[in-house]
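The values are calculated or read from the model by the stated rules, or taken from the named source; none is laboratory data. All values reported here derive from a predicted model rather than from experimental measurement. Because the Cβ atoms are built from the backbone with ideal geometry, glycine has one as well, and the counts that use them run over all protein chains shown.
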Amino acid sequence: MRRWIGVTLMVLGLVPWMTGCQSARQVALPDNGPTTGLVTLKGQILQWVNEQGQSLVPSGSVTVRETQTQSNINPDGSFRLPLPQTGTFHLVFRHTRGSEAEVEVQVEDSGEVEVRIMIQGRVGDLVEKIHIHNGKADLMGRVANPSTGPNQFTLQVFDQTYTIQYDSSTNWINTSPAQLKPGDPLEVKGQYTGNSTVLARKIRLHAPQGPKPPEFEAKGTVAGLSGNPCGGSASFTLQVQGGGSVTILVDVQTRFERGTCANLVDGAFVEVKSRRPATGGGWIADEIQFERQEAEFEAKGTVSNLTGNPCAGSASFILQVQGGGSVTILVDAQTRFKKGSCGNLVNGAFVEVKSRRPAANPPGAWIADEIEFEGQEAEFEAKGTVTNAAVTCSPTPSGSFVLNHNGGSTTILVDAQTRFEDGTCANLQNGVRVEVKSRRPQNGAWIADKIEFED
């Protein structure tokens, strides 16, 4: 049988706690009165999520402020601490990554006490307790089903479901039978009648009336989806906007807004709300809302180094970004093409790429959601004099020359796609003045689209 405890959770964030500093919340141990015996506190952190929405693997230490007794936190979140007697104690949790949380524990009996704690950002108010002794019950948990029959509902506490019955003498605080909803945090005190049933004398909601912010709420991109969302059994990683990732589970209670279960695919941008931490870490989604989002990557530029087959849904290229820089772009079966088709994706094409699917390999690459073909003036256009000509005209034009122009000198390449105006390939000799236009950069040089000879 678990002993009664009361727990209030206050997250301190990243502010270092100074040893010996007294808090206004600190309660001194009793100076007199009999000691009822030693207490062993067994605890477990169910979930530790920092302010950036990152799910942290429990680690670090927990210290009893009043006695400075310390215990390590195991990877499964468990810890064990001795307490000298019953009373009120303050536990300070310090994560190895800097987060801190303080928990006030009230112990009213000797023996072994068990507590489970959830830490969420700078807010921590999920507390469960069980005290059943001499026919009396003091429970704290969350509503599982708000109505299981006349004048009764079920309360989930730890891993057990209790039937809570009430009558006209039950004192309701901050809530009422009509206001109960799944997930409401309640404290229930009353008579234990056996068979996991309590006749409540007091039922109190641990929150002001009105909307209560969910314990987890974040926007991000769906990745690594597995299972069947429409079958009520799926999981995915939410790549949280702004950084971090959290495991999200989908069950039959998950609601979908602005879309359906069928819209839950990798790459979808969603907002997830939950008050149900999952046993193995992460959150069971209460609500998934689909949202529009600007592409995380959006740039215009010229296609180069194309490999693979875009029309077969497997290709890659280097996008020479307008204004400078280059990015590797991958094409798959989900890539959409606008103002053109997959067949138009060739070296030299000027396109706009939009993506919110960062590729795992190579690092820094993006999987294109949309490729839009655009018209563009030549990226290189200059008039100048031909020098260092090394061009072969037969059977097809090939070779290179250096164009000396007002902006300096630029290496120009000639290939079978190069067009000649007011002259032919054979006229491309040192000393000749030409105008070159190109939008096909290659390793610092330009492959000429058009060479026009000048008088």
Name the pairs: first residue in the stretch 214-226 and closer than 13 Å to L249 by Cβ, second residue among the basic types (K, R), Cβ to Cβ under 9 Å, at least 6 apart or on different chains?
F216/K273; F216/R275; F216/R276
Among strands (runs of 3 or more DSSP E) completely within the stretch 347-411, the ones holding 3 or more residues that are closer than 30 Å to L330 by Cβ and of a type outside the set (D, E) are 350-355
I'd like to know if the stretch 251-272 contains one or more residues that are in contact with a Leu (Cβ under 7 Å, 6 or more places away or on another chain), exposed (fewer than 14 other Cβ atoms within 10 Å of the Cβ) and touching a residue at least 12 places away in the same chain (Cβ under 8 Å).
yes
Would you mind finding the one in E217, E187 that is under 37 Å from the mean Cα position of the chain (by Cα), of a type outside the set (G, A, S), closer than 16 Å to I284 by Cα and in a strand (DSSP E or B)?
E217
Would you check if there is a residue in the stretch 296-306 being surrounded by fewer than 21 Cβ atoms within 10 Å (Cβ to Cβ) and part of a loop (DSSP other than H, G, I, E, B)?
yes
Specify which of the listed residues (C393, C342) is at pLDDT 85 or above, surrounded by fewer than 18 Cβ atoms within 10 Å (Cβ to Cβ), hydrophobic (A, V, I, L, M, F, W, C) and over 24 Å from K450 (Cα atoms).
C342
Failed item, numbered, when D251 is tested on (1) at pLDDT 90 or above; (2) closer than 30 Å to K136 by Cβ; (3) among the charged types (D, E, K, R):
(2)
